[in-house]
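The values are calculated or read from the model by the stated rules, or taken from the named source; none is laboratory data. Predicted model, so just to flag it, every value in this text is computed and none were measured. Glycine gets a Cβ as well: all are built from the backbone with ideal geometry, and neighbour counts include every protein chain shown.
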């Protein structure tokens, strides 16, 4: 259980490969050989749920959009679709709902399936943030946080 004290001792110690189940080992190896180049951040905690860890590592959004959201940057330089996605994300995170016109624009621009995927992806990132905070995952050196 997290202490809230941000101690130097991680809530979940790093698993050795010989301690992992087949499912954990598969996800671990996918992460280690993938674009992240290793298992760090929330993934050590998420390895305790290899299905969730596998889904988490396969999702992605253009880093420019993530950075704009993180820095609360102006959206003037973004295209219509990117701008819409940022506006939608900011509104949903802040208000926990979106007004009907914004909902309609998202559904029209992305289609219902991609719109639902965007909501799921946003929920995924919120879940990752919760895992990081609750289990006091240390952020790797040089990584920007929200």
Evaluate segment 127-137: report whether one residue or more is at pLDDT below 80 and more than 21 Å from residue 72 (Cβ to Cβ). yes
What tally of residues in segment 1-57 results from selecting those that are at pLDDT 75 or above, assigned to a helix (DSSP H, G or I) and loosely packed, with under 13 Cβ neighbours inside 10 Å? 5
Look through segment 73-118, keep the residues that are in contact (Cβ under 8 Å) with a residue 12 or more places away in the chain and not in a helix (DSSP H, G or I), and return whichever of them is nearest to residue 129 (Cα to Cα). 75
Hey, could you check segment 67-81 for residues that are surrounded by fewer than 16 Cβ atoms within 10 Å (Cβ to Cβ) and under 16 Å from residue 125 (Cβ atoms) and say which is modelled with the highest pLDDT? 72
